[in-house]
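What follows is a short report on a single structure.
The values are calculated or read from the model by the stated rules, or taken from the named source; none is laboratory data. Since this is a predicted model, take the numbers as computed values, not measurements. Neighbour counts run over all protein chains shown; Cβ positions are idealised from the backbone, glycine included.
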Amino acid sequence: MDKNKEFLKKFIILACIIWLALIVRIHGLPFASQDYTAFVSRWFDTIKTGGGFSSLKNSMGDYTPPYMYLLTLGTYTSINKLFYVKMTTFVFEIMTAFFVMKIVNIKYRNEKANYLAFGLLLFIPTVIFNGSVWAQCDIIFTSFVIGSIYYILREKPITSLIFYGIAVSFKLQAIFLLPLFGILLFKHRIKIYHLLLLPISYLFLSIPSLIVGRPLKDILLIYINQSSEYKNLTSNAPSIYQWFPSNLFSNTTLISNIGIIFTLVVVLIIFYVSIKYIKVIKYDNIIELSLLFSIIIPFLLPHMHERYFFMADIISLLYAFSFPKKFYIAIIIPLASLVCYLPFLYNASTNFIIAASVVLFLVIIDLIYSFKIHLVNEQGNYK
């Protein structure tokens with residue numbers, strides 16, 4: 001009976017949090033962004049008029065099959081398509097909150113901390129705006145990334161890599177966390193054959209599209225084609241490229257290549273330092289490295305959009321729970337991201353994006369300095 005009462009108590013508390021989160025999102029539900037109108041809405045209509053799943057044999061937009069499956073399911077209902085898209089993202093927001101709560105529970109084993117983590121996730125500004133206003137789907141791949149982190153912390157590498165493979169199958173931005181799994185490989189937390197689950201997951205999720213007749217080549221080239229679509233060094237992303245006037249460089253391809261190489265060098269440095277100085281990779285190491293990679297990579301890479309910091313927005317909350325004295329990190333990062341959403345959604349001024357990029361640069365310096373301190377302390381513990 002006590003267990004039933006405890007379950008009921010947890011259910012009521014979480015249901016109340018979800019209800020409040022839904023109320024906050026109500027005002028954004030009727031809003032149709034330019035992206036939704038130009039792409040998602042048209043894809044939905046094309047799928048519906050094309051016969052549902054059978055229409056997926058044709059190339060449609062630049063999204064991978066898994067997201068199209070979710071849209072297709074909506075065409076078999078009588079639900080308003082805009083409402084369906086936004087409520088689908090809300091379901092994944094709840095899933096993400098659940099995994100965040102489970103991750104925090106590993107560290108604290110405290111119900112109040114669990115409820116706080118669950119609630120804070122659902123009220124991160126960019127989580128609210130990304131889904132219920134913009135009708136974007138970044139929460140979908142991020143939910144699987146957070147699930148992957150949870151299962152690696154639980155020492156379940158196969159489940160973790162399956163979740164990560166699903167994340168990569170939804171959006172390429174999940175690849176920002178790939179260096180973490182490289183470190184886990186060197187630290188014997190995963191085996192090299194576990195990495196095969198990444199392409200296997202991608203191919204497995206492509207099977208329905210292949211069955212209805214879409215060429216495998218089309219599916220395999222989606223991410224390659226995406227990478228060639230964007231020519232600007234930044235698309236409202238609060239990255240390092242905000243510091244330079246758009247007309248400063250005559251050869252953006254050269255600058256782009258330099259940016260990619262520089263990003264790779266920085267990632268390799270963090271990779272090397274982690275392998276050399278982290279003796280046994282623990283909970284806090286995994287959370288810290290997850291945030292470092294998820295914010296540094298989109299900050300340094302060219303051709304990034306403002307939404308590509310979304311994963312960092314989420315992981316910053318986990319970081320704040322791991323390092324409570326750094327709670328401000330989980331406030332600054334999402335707010336810097338939100339500033340960059342507003343010009344696209346509401347035609348707000350882009351002047352603040354440069355300021356946001358400077359703020360994120362300072363945050364990155366702070367994170368790297370803290371990372372160094374934690375490594376030094378860890379070395380001291382092993383002497």
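Numbers at a glance
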quantity	calculated
Qualifying residue in region 35-45 (condition: within 30 Å of Tyr115 (Cα to Cα) and of a type in the set (Ser, Thr, Tyr))	no
Verdict on Tyr369 being touching a residue at least 12 places away in the same chain (Cβ under 8 Å), among the hydroxyl-bearing types (Ser, Thr, Tyr) and assigned to a helix (DSSP H, G or I)	no
Residue in region 115-132 that is part of a loop (DSSP other than H, G, I, E, B), small (Gly, Ala, Ser), assigned by TED's automatic domain parsing to the domain that holds Ser206 and touching a Lys or Arg at 6+ places or on another chain (Cβ under 7 Å) present	no
Wholly within region 162-251, helices (runs of 4 or more DSSP H) carrying at least 3 residues that are touching a residue at least 60 places away in the same chain (Cβ under 8 Å)	178-186, 197-211, 222-227
Pairs where the first residue, in region 264-279, is outside the structural domain of His374 (by TED's automatic domain parsing) and the second is surrounded by 15 or more Cβ atoms within 10 Å (Cβ to Cβ) and among the acidic types (Asp, Glu), C-beta under 9 Å, 6+ apart	none
Qualifying residue in region 86-104 (condition: under 23 Å from the mean Cα position of the chain (by Cα), among the basic types (Lys, Arg), modelled with pLDDT of 95 or more and under 24 Å from Tyr283 (Cα atoms))	yes
